[in-house]
1. A:Thr66 versus (1) of a type outside the set (Lys, Arg); (2) in a helix (DSSP H, G or I); (3) under 16 Å from A:Glu109 (Cβ atoms): which is the lone unmet condition?
2. Touching a Gly at 6+ places or on another chain (Cβ under 9 Å) and assigned to a strand (DSSP E or B): which single residue out of A:Arg336, A:Arg312 fits that description?
3. Of the residues in the stretch A:384-400, how many are within 18 Å of B:Gln392 (Cβ to Cβ) and within 14 Å of chain B (Cβ to nearest Cβ)?
4. In the stretch A:370-383, how many are assigned to a loop (DSSP other than H, G, I, E, B) and within 13 Å of chain B (Cβ to nearest Cβ)?
5. What are the residues in the stretch B:441-452 that are buried (at least 20 other Cβ atoms within 10 Å of the Cβ) and either modelled with pLDDT of 65 or more or not aromatic (Phe, Trp, Tyr) (or both), if any?
6. Select, from A:Gly378, A:Gly354, A:Gly367, A:Gly299, the only residue that is at pLDDT below 85 and surrounded by 19 or more Cβ atoms within 10 Å (Cβ to Cβ).
7. Return the residue satisfying two criteria in turn: it lies in the stretch B:10-23 and is of a type outside the set (Lys, Arg) and in contact with a Leu (Cβ under 6 Å, 6 or more places away or on another chain), and of such residues it is surrounded by the most Cβ atoms within 10 Å (Cβ to Cβ).
Amino acid sequence: MDANSKYYEGCGQEGPIRCIFLCEFHPTAGPKITCQVPENYISKDIFDTVSHYIIPKVQLQRCTLTVTLLGSKILGFPVRIDNKKYARNAFYFNLCFVCDAWARTVHLEPLVKKLTEYLLSMELESEWLSKQSTTGEAKALCGLMRQVMQDINSRRMCTLTVGTTTTHLTVVRVNTDPTPVKDHQVPVFLYSRHSFVADQWDLTTNQILPYIDGFNHVSKIAALTDVEISLVRACVQNLVYYGVVTLVPIFQYCAVYSATPKLRQLTRCAGLQRQCVEFCARSARQLPKVSDIFRMYAGMTYGSTVRDLCRRLRPQELHINERKLVLFGVLEGLIRRVYKYPITLNNEDASSSGSEHSQPLVRTYSGLVCLDELCCQGGLSAAQLEETLERDSNVVFIVK
Amino acid sequence: MEVNPLNIFFVKSDSKGDRLLFRYPYTTENKDEGTQKKCGRHNPYAINSTEDLLQNPQSQTSNIYKGQLSGFTDEMLSTLFAVKAELCNRKFELKVNDVRFVGHPTLLPYRTNKDDTAAMILINIVFALRASASHSIVKCYYDLSKRLGKALRHEEKRCSYLTEEMKIMLAAHDEVTALDSEINSGENDEEEECSRNSTSSNPYGMENGVDTEPKSAFHLILQRSSLARCMKSVFEELSSTGIVQVRINKWVLLSFCLPHKAHQIHNRGLIIEPETIDKCLQKLRPYHGILLLVNPNELLASIPLDGSPALLRLIKLYSPLKSLQTLAIETDLSLTQVFQLTGHLVYWAKATIIYPLCEGNVYVVAPGANVHIQSPLVEEFAKEFPGLCLLQMLGEFSLPAPLWYVSRGAGGGCGGCGGGARLARVVAWLLQRRLLLQLHTYVQFNSPHWRWGLDTDGKEYYCEKHNIYNQSCSVSFSSLNQMQLNVPEPVETRDSTNHFPDSDLDYPTENNLNQTDFSHTKPIVIESEHTKYDKFPEIDSANHSFDEGVDVVDGVINTNFVNGCDFDDKVEKKKLHGNSVDSGISSNMNGTNGTETNGINGHVEHVNGNIDKLEEKIKTLPTRLSDLSLKETEHIMNTSSEDDKFESNQDVSPRSKSSGIAINGEKKNGVSLNLKLQSEMSFQQPIVWSVPANCDVVDACRVPNEPPTTESLLDTFSVEERTVLAAIPAAKDTDDLLLLAQLHKKGYFRGEQHLEEIMFMENVSRSQLMQLLDKFKDVLITFETEDPAVAMLYPYQ
């Protein structure tokens, strides 16, 4: 398994927790491991070399520390409790998770912190930790740590109960903030809607969920559900963060798509072919041919709209649902949308010639907003908008 | 943003303890502001719940304040960076909240004052980065730290440079401490420590009436120590260009490139990771070309005196119109060497990979092109090309049309474009900024029985991603079910049979080769290539520097020598084939032998005659070839008027009419030569999917001595395919059918190779191919998309 080149440092994948240990600053022996699950994962030698980062100086208390040394990654959150009752007037401890050096560990940081806070509160209330460490047998602690390791590795969540207190730990993926949702974008589920546990989500999200079908865009959903559009945007953004939905461009017959190099995958991967055929079929009884689907995708290029393509290849006769075809292609990255951006050029001589239309208020287009968005804002059809823009000689289109 | 370093530290640790000798920038945070910040977040109306046991005391979550490192004292950092001896000479990585420290602690012998007993000293040059910086960025910084350490070790050994510099630094520290204690003798201890730690010169500093501005020790050091100045320039060059060129102790030249930053030269926000560059270089083919991102003269000037002469030659002969193969011939280098040099140039953000500019190229606006009305590029473009408007120009590329069509001013918008030469410059400019993307046409043979998912064994091939979906059914389109959202995907342990889902961005050819057993179909050549390839990404990025160390240069020289021999060998072997090759062409080419072909013919015979003088001839042959290829490019740029007849002319395109024969002759040689090289050197062959072993491209590309019969070629089609083919009227023409079968057999109709590649490898003209595609359009599906190798270097969403 070690030879597996898939797990290299920086591969960005999550790995299991290899070990959990609690270490403390012993009044006479210095830094030492009180309890470790599994036993001897971190040897005494290794611990001694890194102890200086695990029981650090005062300024680094209560900081999330991650140190990558000697092939493993150690996450900790060092804590100090000042109290006269302890030897040296303070009790230092740090609960550490150990992962492989290649694994991503950002998502475990809040977990370490919360677990430490939990131990801290128990220590403050009943000296739970220090009692165990002085008696030398840390059965309860070991049991707790073993449970955390097993449950987090297998189910990514864990409920701990010690005495009368309970705490819940769960791993939450750390993603970058999703970009703001635009009105013309279409949310589409990446999971089945039936797998949704309705009571996990807030009321507004529950209200809009039935209308997320891969074809309604955000402002249409807002209109259909009678929910304020900014709330819909916020809900969708939240769903995007959790990877439940993704955003795709709105389907229009005047839209242009272009094949990507990934399209070749459709010719090889039987799994992809099967999914594609099932997804794009008009009815489940009559499945389309992969070659026809491929021909449809291959026909998508700059300058040819979905309408042109449908006229040419007649997807109805091939049992292909072209909307689903496009949706599948976008989701799988086989095709990408080609947007049209109007830009107003501000050259004076051109504006004088174009003034015969004498429009009272000419809008300028900066090239940041695509046609879809403009249509959505203005409530115009794409054809209408394009017609007015074509008439304006100052406007050029950039297609990308 | 996150590619920039936050800080650079220089720490030593020896028998006298550890010390932070220098840091840059050294403006440390103001304590007052720090506390204000902590309180400032709180709502003044909120109840301060200090009794809450769990939240007390508030932990610090960020160590970056206004883009500067904050919250660490120098003492603390020096203890952190002075690692134990066991951790020396390996990577040191520590993350504290949102700051990541990376360095390479170097242990080196150190001459203590008089007695020449070598004590060991540990030095650590540490970079502070934002924790969000990607792993490959961290790796580059680590590499830089390692190299700085090595350079210092060398200089210490050579002339005790480090000892001297450390003396200066320590003296400065002591001086300032002494001064401080004098000034602050009346004040309390805490204040003193504070000012010592945060050795001020603070921009946001409050003028808190300390009479003399306490001189920062670091400020003094910067004035006195050349090493400190080096580190400062390292920091500043990293933050500005990403390319570091410093001479340590005016002796050791340290060149380093942070590709993530350096590639932002024309595109802000474009982050290209070295891994991407490596992947791109693996896909490099002889027909690709390079486009310099900087002025060639400036580039030549920036190369140090001991730079590789091969590189200089390459840059001198560079043109965006030339393919790498042409360049290799003109510079008299082996193709592998040209590939390596290209790799260097791309890594150092001096060049990018393109398909050589020619009139048949189809460009569209790149999807990631960031063009809006206020874009600085608009101004730049207007300055570079007076009279042209960038936005209008990009508007011209809204529809995919060959370049000659655009140059004709089809839209009328850029009527003043001023001919092909200027357009070529415009296109080059746009390509440099990744505003244009080239589209290629790929061909897929439409088998009536859609069995593309099957490999040779008849087993179904699954790419990794869909294989997982298929097995677990956890995430699929039709059976979206079973997956409870509140239970996130479990993390499997490493020992279990399941694997972590792989995010394969591009098509996983390697995976496939690993998964399915190709051993019996795969020519051994591929095997060896693979092993060579595996080594490739492992090459230390140090290798990418122009003049890193003697060892690297040595390596190049070595390969040069070996390749040189190979090259000669190849030429010799090719000679033996020479006559048959030429005769093959002349029969193909309507019998109109150009004078140039004759020239080659004669020449080849000549060589055959005088094997003893072979070496001289070899030298002349490439120059001859290069002449021809020059002509070719000229033709392509000049003979645009004749291209009008492109469609109407039935048998031969004007291009191949005017220059084709000569070029073809040349190309033939070139191709066989280069394929021969290909099998020996390490670049990938076209991936041959489920093609029987006899389909070795190397063999296939050599023109067969006796033309294969139609029957034998038709064997490549299955029975069903043959019936479909029989229904196509064009199949009656044996020539067409033969060409189709030939190309099909060689695996060109699998959507892997674009038309230009087929033209290059198979020596057919574009019009021939276009006619073929048109005639067999029922079985050949074409699609237009970008070349993945080139597109890799584009900013993608």
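The values are calculated or read from the model by the stated rules, or taken from the named source; none is laboratory data. None of these values were measured; they are calculated from a predicted model. Heads up, the Cβs are rebuilt from the backbone with ideal geometry, glycines too, and the neighbour counts pull from every protein chain shown.
1. Every condition holds for A:Thr66 apart from (2).
2. A:Arg336
3. Going residue by residue through the stretch A:384-400, those that are within 18 Å of B:Gln392 (Cβ to Cβ) are A:389-400.
Adding the requirement that they be within 14 Å of chain B (Cβ to nearest Cβ) leaves A:389-390, A:392-400.
Residues meeting the conditions: 11.
4. 1
5. Of the stretch B:441-452, the ones buried (at least 20 other Cβ atoms within 10 Å of the Cβ) are B:442-446, B:452.
Once the filter is applied, which keeps residues that are buried (at least 20 other Cβ atoms within 10 Å of the Cβ) and either modelled with pLDDT of 65 or more or not aromatic (Phe, Trp, Tyr) (or both), the stretch B:441-452 yields B:Tyr442, B:Val443, B:Gln444, B:Phe445, B:Asn446.
6. Working: A:Gly378 fails: surrounded by 19 or more Cβ atoms within 10 Å (Cβ to Cβ); A:Gly354 fails: surrounded by 19 or more Cβ atoms within 10 Å (Cβ to Cβ); A:Gly299 fails: at pLDDT below 85.
On inspection, the qualifying residue turns out to be A:Gly367.
7. Step one: list which residues in the stretch B:10-23 are of a type outside the set (Lys, Arg), which gives B:10-11, B:13-15, B:17-18, B:20-22.
Now drop any that are not in contact with a Leu (Cβ under 6 Å, 6 or more places away or on another chain), which leaves B:10-11, B:13, B:20.
Values: B:Phe10: 28, B:Val11: 25, B:Ser13: 23, B:Leu20: 26.
Of everything passing the filter in the stretch B:10-23, B:Phe10 is surrounded by the most Cβ atoms within 10 Å (Cβ to Cβ).
Let's see how each residue does on (1) closer than 30 Å to B:Ile277 by Cβ; (2) touching a strand residue (DSSP E or B) at 6+ places or on another chain (Cβ under 6 Å); (3) within 11 Å of another protein chain (Cβ to nearest Cβ):
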{"position": "B:Arg722", "(1), (2), (3)": "no, no, no"}
{"position": "B:Pro729", "(1), (2), (3)": "no, no, no"}
{"position": "B:Asp733", "(1), (2), (3)": "no, no, no"}
{"position": "B:Leu743", "(1), (2), (3)": "no, no, no"}
{"position": "B:Phe749", "(1), (2), (3)": "no, yes, yes"}
{"position": "B:Leu755", "(1), (2), (3)": "yes, yes, no"}
{"position": "B:Met770", "(1), (2), (3)": "no, no, no"}
{"position": "B:Leu780", "(1), (2), (3)": "no, yes, yes"}
{"position": "B:Met792", "(1), (2), (3)": "yes, no, yes"}
